[in-house]
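Below: one structure, written as structure tokens.
The values are calculated or read from the model by the stated rules, or taken from the named source; none is laboratory data. Bear in mind the structure is a predicted one, so any value in this text is a computation, not a measurement. As a convention, Cβ positions derive from the backbone with ideal geometry for all residues, glycine included, and neighbour counts pool all protein chains shown. Ligands, DNA and RNA are excluded from the accessible area calculation, which covers all protein heavy atoms including side chains. Shrake-Rupley method; radii C 1.70, N 1.55, O 1.52, S 1.80 Å.
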Amino acid sequence: MTHSSPDPLRILVLSGSARTGSLNTRLSALAARVVAARGALTESATVGEFAVPAYDGDLEAAQGVPEGARRFKEGLERADAFIVASPEYNASLPGTVKNLIDWASRFRPQPFNGRHALVMSASPSMSGGNRGLWALRVPLEHLGARVYPDMFSLAQAHTAFTPEGLLADATLQGRFETTLDDFLNLVEAAKHYPCAKKAWVEYLGERPAAVIDRAQTG
Ligand code: FNR
């Protein structure tokens with residue numbers, strides 16, 4: 001299915017690695033290519049383009065949320081959905097990715113809330129960085145992102161790409177595209193046929209109070 005006119009899907013594609021030659025940036029570039037081929041509009045970036053200091057409440061109180069997080073937040077707001085290709089660091093997500101999520105979560109309206117997300121990873125290891133994605137899901141789901149159930153983890157990623165940037169294994173390339181197609185179909189349905197109310201409430205029984213209030217409905 002294509003997702004072109006009259007109101008094309010807008011997808012933000014983020015690589016969770018700022019490294020030159022990053023495998024996750026290569027995977028995110030491939031994702032952006034497939035998504036664009038389906039008629040959606042893409043914006044691509046790496047976590048390094050949204051450089052932010054380590055989260056510090058005093059810094060936030062004194063200077064507000066840093067510019068890098070604001071630009072990331074604005075990228076999320078322009079998008080109907082986002083895709084993150086993130087490395088796995090020590091069986092979890094990189095601190096840089098978590099730190100960017102933490103800063104961006106300080107905005108109201110909170111930009112992850114109700115936004116569809118697809119997570120993927122690439123690693124030279126046999127697990128393809130898949131454990132990191134389970135960790136990445138936690139803050140995203142906590143923030144109300146609709147994280148797509150299927151994930152894509154590219155094992156032995158250092159040998160997995162053709163010089164043209166496709167996956168050398170044609171079957172794997174097909175599965176990658178199918179995952180993206182299924183995700184885009186869901187985003188398309190959510191964009192054009194909204195029927196569910198959105199709500200982000202950390203604990204349903206939480207007593208409303210300004211100091212702890214993280215509820216957002218609409
Ligand atoms: C890694 N790497 C790694 N790989 C993996 O599959 N599981 C892991 O737990 C870890 N842990 C880890 C920790 C740290 C601090 C580093 C620097 C690296 C290896 C990692 O997957 C590899 O370096 C990837 O190439 C990183 O992704 P990019 O930068 O190529 O996108």
Evaluation of GLU74 against (1) over 27 Å from LEU41 (Cα atoms); (2) out of contact with any Leu (no Cβ under 9 Å at 6 or more places or on another chain) (one fails), failing number = (1)
Please work out which residue is nearest to the chain's Cα centre (by Cα), limiting yourself to region 123-134 and to residues that are more than 6 Å from the ligand (Cβ to nearest atom) and under 28 Å from ASN185 (Cβ atoms).
-> LEU133
Which residue pairs have Cβ atoms under 9 Å apart, sit 6 or more places apart or on different chains, and have a first residue in region 128-150 that is without any contact (Cβ under 8 Å) to a residue 24 or more places away in the chain and a second that is crowded, with 21+ Cβ neighbours inside 10 Å and in a loop (DSSP other than H, G, I, E, B)?
-> ARG137/ALA145; VAL138/LEU93
Assuming THR25 fulfils every condition listed in (1) at pLDDT 95 or above; (2) away from the ligand (no atom under 16 Å from the Cβ) apart from one, which condition is it?
-> (2)
Within region 107-122, residues away from the ligand (no atom under 16 Å from the Cβ), closer than 23 Å to ALA29 by Cβ and touching a residue at least 60 places away in the same chain (Cβ under 8 Å) come out as HIS116, LEU118
Taking region 94-115 and keeping residues open to solvent by less than 20 Å² (accessible area, probe 1.4 Å) and among the β-branched types (Val, Ile, Thr) leaves VAL97, ILE101
Filtered residues of region 173-184 (kept if within 21 Å of the chain's Cα centre (by Cα), open to solvent by less than 60 Å² (accessible area, probe 1.4 Å) and not acidic (Asp, Glu)) | GLN173, PHE176, THR179, LEU180, PHE183, LEU184
For region 135-165, which residues satisfy the criterion of being open to solvent by less than 50 Å² (accessible area, probe 1.4 Å), of a type in the set (Ser, Thr, Tyr) and more than 10 Å from the ligand (Cβ to nearest atom)?
-> TYR148, THR162
